[in-house]
Amino acid sequence: MAAVPELAVPEVRTENARKVTTRYLSWDAIRVLGIGAVLAFHATFLAPVSLDGLDPLPAPLRMDFPFGAAVLIVVSGYFAAMTIGKQTPLRWWVRRVARLLPAFLVAVLVIFVVTRLAAPAGYPQPSLGDLIGNLTLMHLWIPQVQYIDLAHWTVPVQVSAFTAIAVLAFRGRIRGRAATGVLWAVLLVPLVVRGLAMAPGDTPPQWLSVVMDGSGLNRSHLVIAGVVIYRWSRGRMSFAQLFCMLGVILVAHAWHPPNGDSVQAFTVGLVLICVAAYRPDWQLPWLTRLARPLQWLAGISYGVYLMHYTIGTILALRMAELGLDWWTWVPAFAACAVLLGWALTVWVERPAFRLLTRRLATPS
């Protein structure tokens, strides 16, 4: 998932030169849509299908078309492109990592302890080696390392993407057509590799699968989508270029694993992001009435993402053992995710970010 962006909108200056920002509700709504889709897919489909002990939900209530995490990474890529030029690449990278990693590391430790102490019999138990592999972001590089939480695949992908962006932005060397060329290369090379060496039915070398997964190339198209939408919204790319690149991005989303991602739902998410980038001020009465809860949920969305799946699943399994049906443990799954996500945001993510970036503050 994408971390909460540091800047949601352009800055404006008042007469006394104080910095003022306007928060657009459109981006909050898209983030809430993304995290809501993640929770719905995991609670109503993935957990009941992959684990014994949870009865499947009735067909109309099962959300079996994942797209939420992909939408959140696109949003992260958009705001990465927006903010990279506002400070030095190194300072920008430090701020991004300071937003991502402390909360992730604490989440991994908490989930590991909860799994070891509270998981029911038969639930996969991570080892100390798994814990170390996850804490060092090696769970995509080493096939033998078990995920502490299945949702955490997004974090190494984002760290890799942010590192690549910072390197490419060093001294402003990659701009204009050169930047467009780099975006096309990062988008097309994994597709060529997938088509030539990893086509369905083939057995690709394990090292190639590890490189594609571990480097984040399998999911680089999601970050690229956010970057190209930002460039288009600022007049740095024509609509024809945007249309072509998003078309290839959808092909990449269909080809690259994991299988089962909903290209149709993801397309709707891309359209919403394009609309928010082009016209972010959504004056919709029903949306305005939901402004405060949307802003609050969007603000803790990264924490919710990190904490929701494993602990929520363990809670659901324990409730099912007591004979409780899905209409009790699905809401409990969501409520637990929001509560733990809020706690992680307020007690870890925000304080750690302030502490780690205190010396990076620039004069106003």
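A few comments on the model shown:
- Criterion applied to 357, 328, 345, 310 was being in contact with an Asp or Glu (Cβ under 9 Å, 6 or more places away or on another chain) and among the polar types (S, T, N, Q), and the one residue passing it is 310.
- Condition met for residue 339 (modelled with pLDDT of 95 or more, surrounded by 11 or more Cβ atoms within 10 Å (Cβ to Cβ) and assigned to a helix (DSSP H, G or I)): yes
Results for (1) out of contact with any Phe, Trp or Tyr (no Cβ under 7 Å at 6 or more places or on another chain); (2) farther than 29 Å from residue 54 by Cβ, shown as yes or no for each residue.
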{"position": "281", "(1), (2)": "no, yes"}
{"position": "303", "(1), (2)": "no, no"}
{"position": "307", "(1), (2)": "yes, no"}
{"position": "320", "(1), (2)": "no, no"}
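- Test result for residue 254, in a helix (DSSP H, G or I), small (Gly, Ala, Ser) and touching a residue at least 60 places away in the same chain (Cβ under 8 Å): no
- Some residue of the range 213-234 being in contact with a Cys (Cβ under 7 Å, 6 or more places away or on another chain), surrounded by 13 or more Cβ atoms within 10 Å (Cβ to Cβ), within 21 Å of residue 164 (Cα to Cα) and among the aliphatic types (A, V, I, L, M): yes
- Test for residue 273: is it crowded, with 20+ Cβ neighbours inside 10 Å and closer than 24 Å to residue 78 by Cβ: yes
- Among the conditions (1) within 17 Å of residue 24 (Cα to Cα); (2) crowded, with 20+ Cβ neighbours inside 10 Å; (3) at pLDDT below 95, the only one that residue 256 does not satisfy is (1).
- With respect to (1) buried (at least 17 other Cβ atoms within 10 Å of the Cβ); (2) assigned to a helix (DSSP H, G or I); (3) of a type outside the set (Gly, Ala, Ser), the lone exception for residue 109 is condition (1).
- Restricting the first member to the range 257-278 and to residues that are of a type in the set (Val, Ile, Thr), and the second to residues that are exposed (fewer than 11 other Cβ atoms within 10 Å of the Cβ) and in a helix (DSSP H, G or I), no beta-carbon pair is closer than 6 Å while six or more apart or on different chains.
- Out of 154, 136, 203, one residue alone is under 26 Å from residue 308 (Cα atoms) and without any contact (Cβ under 8 Å) to a residue 12 or more places away in the chain. It is 136.
- Residue 120 being over 21 Å from the mean Cα position of the chain (by Cα), over 25 Å from residue 315 (Cα atoms) and touching a residue at least 12 places away in the same chain (Cβ under 8 Å): no
- Residue that is nearest to residue 231 (Cα to Cα) [pool: residues in the range 247-285 that are hydroxyl-bearing (Ser, Thr, Tyr) and within 18 Å of the chain's Cα centre (by Cα)]: 267
- Unique match (being in contact with an Asp or Glu (Cβ under 7 Å, 6 or more places away or on another chain), surrounded by fewer than 20 Cβ atoms within 10 Å (Cβ to Cβ) and not charged (D, E, K, R)) among 124, 205, 120: 120
- Those residues of the range 127-149 which are aliphatic (A, V, I, L, M) and either part of a loop (DSSP other than H, G, I, E, B) or surrounded by fewer than 15 Cβ atoms within 10 Å (Cβ to Cβ) (or both), in sequence order: 128, 132, 137, 138, 140, 142, 145, 148
- Lone qualifier among 248, 271 - being modelled with pLDDT of 95 or more, part of a helix (DSSP H, G or I) and in contact with a His (Cβ under 9 Å, 6 or more places away or on another chain): 248
- Qualifying residue in the range 310-325 (condition: modelled with pLDDT of 95 or more and under 18 Å from the mean Cα position of the chain (by Cα)): yes
- Residue that is nearest to residue 338 (Cα to Cα) [pool: residues in the range 277-295 that are of a type outside the set (Lys, Arg) and exposed (fewer than 13 other Cβ atoms within 10 Å of the Cβ)]: 293
- Residue identified as touching a helix residue (DSSP H, G or I) at 6+ places or on another chain (Cβ under 7 Å), more than 30 Å from residue 113 (Cα to Cα), part of a helix (DSSP H, G or I) and β-branched (Val, Ile, Thr) among 157, 228, 192: 228
- The single condition among (1) among the hydrophobic types (A, V, I, L, M, F, W, C); (2) at pLDDT below 95; (3) buried (at least 20 other Cβ atoms within 10 Å of the Cβ) that residue 266 does not meet is (2).
The values are calculated or read from the model by the stated rules, or taken from the named source; none is laboratory data. Quick caveat, the model's predicted, so the values are computed rather than measured. Positions of Cβ are backbone-derived with ideal geometry, glycine not excepted, and every protein chain shown enters the neighbour counts.
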